[in-house]
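I have placed the structure first, in the form of structure tokens, so that the comments after it can refer back to it.
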Amino acid sequence: MDVMTIVRDSLIQGLGLFSAQYIPAGCRICRIEGQPTRRNGPHVLWLDGRRGIVVANDARYINHSDQPNACYYDDLTLHALRDIHPGEEITHDYRGDLTDADDDLDFAA
């Protein structure tokens, strides 16, 4: 992870990823690490309608929100959409998963 985060119980669902420090808007939070997949399952981030990543790092605990405070970029990085305060859960809108990602994405960290 690029900034200090912690995994703990979430009021949204199960476990969640929380900020352990102040994260200013636009700051890179982390880069997604994982393995490519074409099957749905736990911790899958969909890149398009047929390709996904089984997320292997703590980013797998990021829960959905209709009002997210973070978003993924096509280079598999997660950035803060607004200031995120210590103790706040980091969320993104699952409906906005990478829909136009390149075919030759690098899945290595």
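Can you list residues from other chains, or at least 5 along the same chain, whose modelled amide H is less than 5 Å from the amide H of THR37?
Excluding prolines and chain starts, which carry no amide H, the hits are GLY52, ILE53, VAL54.
By how many nm would the segment from LEU15 to ASN40 grow when fully extended, if each residue of separation counts as 0.36 nm and the alpha-carbon distance is taken off?
On the way: separation 25, 0.36 × 25 = 9.00 nm, distance 1.93 nm.
Taking LEU15 through ASN40 to full extension adds about 7.1 nm, to one decimal.
For the chain, what is the convex hull volume of its Cα atoms per residue in Å³?
Values: hull volume 9.9 nm³, N = 109.
So the per-residue Cα hull volume is 90 Å³.
Suppose every Lys and Arg Cβ carries +1 and every Asp and Glu Cβ carries -1, with no other charges. What dipole size does the chain come out with about its Cα centre, to the nearest 20 debye? Could the numbers behind the result be given before it?
Details: 10 positive and 18 negative charges, 70 e Å.
That gives a dipole near 340 debye.
Name the long-range amide H neighbours of SER65: under 5 Å, sequence gap of 5 or more, or other chain; modelled H, no Pro or chain starts.
HN-HN under 5 Å from SER65: HIS92, ASP93, TYR94.
Where a number appears in this text, it was derived from the coordinates with a stated rule and is not lab data. Keep in mind it's a predicted model, so treat the numbers as computed, not measured. So basically every Cβ, Gly included, is an ideal-geometry build from the backbone, and we count neighbours across all protein chains shown.
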